[in-house]
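Below: the structure, in structure tokens.
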């Protein structure tokens, strides 16, 4: 179950991963973008962790919504609005629920990713973070239908996210600053897909703990 406590663990895990991999994300983005993705992700999630004590009194849905607002405001570039949309749109499905089971978490992610797609006007193989979220959603749905529990489902999603992330390497970028490079964008892993992989990994770790 994703409870408020589990959500807080998710954000703490994500913040740790973004800090640990800040330089990696910088190098990936320097190759095909502005080079600031690592700094932006670290700043956004650090600000989120700083704000968590102020969210202690909020219900789960409001926590998720406020998370999106913080990320929207503090992650620079195109990624802020995309990660913001993921949480803000997804939070609208939570209502007054105190916890999300595997089915409800799928709904949260599905609607959130739809918000991300709408905001970014992206589709698969554009070489963006959606190239991680699309296979994650497919694997989640398959695993849920197979009767797996949340921890096992998310473990499968981490594998799907890793494959999706690595699949961006041979892609030609069709969105964002990377698209300006044309064929020179081929051969580089997308930084947004990489940070999304870490966010999925952090979610799995929070459920496993």
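For region 87-107, the candidate set comprises residues that are buried (at least 23 other Cβ atoms within 10 Å of the Cβ) and in contact (Cβ under 8 Å) with a residue 40 or more places away in the chain; within that set, the residue that is nearest to residue 142 (Cα to Cα) is 105. State whether the residues of region 27-45 include one that is farther than 16 Å from residue 188 by Cβ, touching a helix residue (DSSP H, G or I) at 6+ places or on another chain (Cβ under 6 Å) and not in a helix (DSSP H, G or I). No: region 27-45 contains no residue that is farther than 16 Å from residue 188 by Cβ, touching a helix residue (DSSP H, G or I) at 6+ places or on another chain (Cβ under 6 Å) and not in a helix (DSSP H, G or I).
Within region 122-152, track down each residue that is over 14 Å from the mean Cα position of the chain (by Cα) and in a helix (DSSP H, G or I). Within region 122-152, 138, 139, 140, 141, 142, 143, 144, 145, 150, 151, 152 meet the criteria.
Looking only at residues in region 119-148 that are surrounded by fewer than 17 Cβ atoms within 10 Å (Cβ to Cβ) and at pLDDT below 95, the one that is nearest to residue 188 (Cα to Cα) is 125. Looking only at region 153-181, filter to residues that are part of a helix (DSSP H, G or I) and under 19 Å from residue 78 (Cα atoms); which one of those is modelled with the highest pLDDT? Result: 165. Going through (1) within 23 Å of residue 193 (Cβ to Cβ); (2) at pLDDT below 95 one by one, residue 85 falls short only on (2).
Considering each residue of region 177-187 in turn, at least one proves to be in contact (Cβ under 8 Å) with a residue 60 or more places away in the chain, under 24 Å from residue 36 (Cβ atoms) and either crowded, with 24+ Cβ neighbours inside 10 Å or within 15 Å of the chain's Cα centre (by Cα) (or both).
Might you let me know whether region 71-80 holds any residue that is more than 16 Å from residue 116 (Cα to Cα) and surrounded by 16 or more Cβ atoms within 10 Å (Cβ to Cβ)? Lay out the reasoning, then the answer.
Of the residues in region 71-80, the ones more than 16 Å from residue 116 (Cα to Cα) are 74.
Restricting the remaining residues to those that are surrounded by 16 or more Cβ atoms within 10 Å (Cβ to Cβ) gives 74.
For region 71-80, residues more than 16 Å from residue 116 (Cα to Cα) and surrounded by 16 or more Cβ atoms within 10 Å (Cβ to Cβ): present.
Table: residues versus (1) modelled with pLDDT of 95 or more; (2) over 14 Å from the mean Cα position of the chain (by Cα).
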{"site": "22", "(1), (2)": "yes, yes"}
{"site": "34", "(1), (2)": "no, yes"}
{"site": "37", "(1), (2)": "no, no"}
{"site": "61", "(1), (2)": "yes, yes"}
{"site": "66", "(1), (2)": "yes, yes"}
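When residue 116 is tested against (1) surrounded by fewer than 19 Cβ atoms within 10 Å (Cβ to Cβ); (2) in a helix (DSSP H, G or I); (3) modelled with pLDDT under 95, just one condition goes unmet, and that condition is (1).
The values are calculated or read from the model by the stated rules, or taken from the named source; none is laboratory data. Bear in mind the structure is a predicted one, so any value in this text is a computation, not a measurement. A quick note on method: Cβ atoms are made from the backbone with ideal geometry, for glycine too, and the neighbour counts reach across all protein chains shown.
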